[in-house]
């Protein structure tokens with residue numbers, strides 16, 4: 001048990017530290033790499049929760065596929081390291097800061113509320129079901145039966161976003177042809 | 001009697017050294033087979049029939065100077081080959097290569113011939129292979145050289161394109177076997193139909209096997225899909241700026257990846273260690289034979305087919321291989337539902 005607890009703090013700590021470092025990097029390549037490290041630590045947490053399928057999916061989908069795309073884009077744009085902020089003229093309207101501040105506070109309150117709600121949650125399922133819940137069969141059943149609508153709607157949403165992105169980038173060349 | 005933990009550690013070391021060895025054997029085989037195909041002798045001077053050639057190659061690589069471009073990102077430049085090699089070796093750790101064995105009574109409990117017996121093994125292989133691409137991408141970016149960067153960009157585009165077909169080809173086998181564990185998938189292929197046809201995955205999933213091997217060649221960056229290092233266009237692609245041991249690590253990773261893909265294909269499609277004539281405890285011989293046949297096929301393809309054009313690669317991957325893999329998975333799933341489930 002103590003070994004498991006130590007591993008939990010190791011992976012949890014690594015995830016938190018890596019996530020914090022992501023926004024502290026000047027060089028976007030390092031941000032991407034730290035995000036991958038954070039996903040890796042999260043996968044470790046899933047393994048500790050007896051959910052190896054979730055862990056491996058986390059690695060394949062996020063660390064393996066999505067982050068390669070991120071890295072691809074960062075490399076393609078070849079973004080230089082960010083310049084210090086005090087040499088840059090800020091152009092945003094004054095109201096933007098206030099709006100941002102209000103939204104940030106709202107997000108914090110929501111997060112706090114969500115965390116407060118989660119503590120001691122009991123949806124009636126016995127705790128021993130955790131391993132069962134994580135099995136591939138159970139995930140498939142829940143995903144394609146109970147949450148089939150949400151699942152399909154999400155895929156439509158993603159397709160709309162993709163088509164929109166293609167349309168936006170092709171707007172100029174499309175007018176000429 | 002050897003305790004189980006010691007046996008496990010010994011097995012781990014054994015697999016590690018065999019993988020290291022396999023790379024040098026592969027280098028020799030590649031040169032000899034290339035020579036055979038091109039009607040030359042190949043390496044012949046170092047040792048009998050040039051058998052010591054891999055050793056000579058390693059010594060040559062070790063004594064070369066380690067160069068690093070001035071404008072390179074130092075940390076990532078050093079890290080990239082390590083990621084490549086680590087991913088290559090780690091992927092093999094969940095691949096079983098023989099039935100449980102007691103080594104002729106040497107062990108108390110039977111030892112499974114796999115370093116880590118994971119119940120989602122096939123996904124672990126997939127996950128670790130997808131991590132391997134970072135080695136190539138980071139090598140290309142951190143070198144700060146146009147050829148390296150182009151090689152890395154091509155590599156990431158190619159990997160993303162072919163990983164989908166690769167995963168969907170796996171899906172077909174998983175649906176037939178009804179398991180994610182490589183051990184269970186292999187055991188589901190034991191025995192024969194009508195006494196002659198082996199119950200191998202290649203019989204139930206012939207199209208899946210072809211897709212898997214094609215995507216596997218693209219995943220390991222071998223000809224005719226060796227775009228990340230196309231020498232006529234990109235000098236040496238992502239490892240242009242590497243020399244000495246860090247170059248050797250990419251080299252090593254490439255060959256170990258080939259061995260891993262062949263081993264996984266053997267487990268998934270060729271019945272793993274099951275075969276006629278040999279008792280179960282000698283099943284690993286069958287495994288080696290099947291894996292070697294696939295590796296020979298790999299080398300044969302490289303020296304027979306010319307490299308595709310880059311747009312052909314993308315067209316083929318997205319417009320032919322991916323739809324085929326989707327249809328294959330759908331047909332398989334429908335078949336399993338109507339005949340088995």
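Every read-out reported here was derived from the displayed coordinates using simple, explicitly stated rules and does not represent laboratory data. Predicted, not measured: the structure shown is a model, and the values here were computed from it. Backbone-built Cβ (ideal geometry, glycine too); neighbour counts: all protein chains shown.
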(request) Note the angle between two axes, namely the Cα long axis of helix B:74-92 and the longest principal axis of the Cα atoms of chain B, as a number of degrees from 0 to 90, rounded to the nearest 10. (result) 20
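Which whole number gives the average, over all residues in B:120-126, of C-beta atoms from other chains lying within 10 Å of the residue C-beta?
Numbers: counts 7, 2, 1, 8, 5, 1, 4.
For peptide B:120-126, the averaged partner shielding equals 4.
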(request) Arrange B:202, B:125 by Cβ neighbour counts within 10 Å, fewest through most, would you? (result) B:202, B:125
(message) Considering only C-alpha atoms, what is the centroid distance from the range B:293-312 to the range A:2-41, in Å?
(response) 40
(message) Which of B:179, B:262 has the fewest other C-beta atoms within 10 Å, and how do the rest follow up to the most?
(response) B:179, B:262
(request) Please build a GNM for chain B, connecting alpha carbons under 10 Å apart, and tell me which residue among B:140, B:191, B:237 fluctuates the most. (result) B:191
(request) For chain B, calculate the relative contact order in percent as a whole number, restricting contacts to Cα pairs under 8 Å that are 6 or more residues apart. (result) 23
(request) Working from Cα positions, state the angle (0 to 90°, nearest 10) between the long axis of helix B:4-37 and the longest principal axis of chain B. (result) 60
(request) For the range B:120-152 and the range B:18-85, write down the distance between their C-alpha centroids in whole Å. (result) 20
(request) Rounded to the nearest 500, what is the 222 nm mean residue ellipticity of chain B from helices alone, with -39500 (n - 2.57) per DSSP H run of 4+ residues and division by all residues? (result) -21000 deg cm²/dmol
(request) Give me a single rounded figure for A:22-34: the average over its residues of other chain Cβ atoms within 10 Å of their Cβ. (result) 1
(message) If I take every Cα pair under 8 Å that is 6 or more residues apart in the range A:1-80, average their sequence separation and divide by the length, what percent do I get for the relative contact order?
(response) 29
(message) Within 10 Å of each Cβ in A:49-56, how many Cβ atoms from other chains are there, averaged over the peptide?
(response) 3
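Could you tell me the calculated FRET efficiency between residue A:152 and residue B:326, based on Cβ-Cβ distance and R0 = 22 angstrom, to the nearest 0.05? Let's see the in-between values first.
Values: r = 17 Å, r/R0 = 0.77.
Efficiency, from the Cβ-Cβ distance: 0.85.
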(message) How high is the relative contact order of the range B:1-74? Use alpha-carbon pairs under 8 Å, at least six apart in sequence, and give a whole percent.
(response) 18
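Packing-wise, with mean Cβ within 10 Å as the measure, how do B:322-329, B:17-24 rank, highest first?
In descending order of packing, they fall as B:322-329, B:17-24.
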(request) Arrange the following residues from fewest to most other Cβ atoms within 10 Å of their Cβ: B:32, B:64, B:290. (result) B:64, B:32, B:290
(request) Starting with the highest mean, order B:47-58, B:151-162 by the number of other Cβ atoms within 10 Å, averaged over the residues of each peptide. (result) B:151-162, B:47-58
(request) Order the peptides A:5-15, A:23-33 from the highest to the lowest mean number of other Cβ atoms within 10 Å of their residues. (result) A:23-33, A:5-15
(message) Tell me the angle of helix B:206-219 to the major Cα principal axis of chain B, expressed in degrees between 0 and 90 and rounded to the nearest ten.
(response) 30
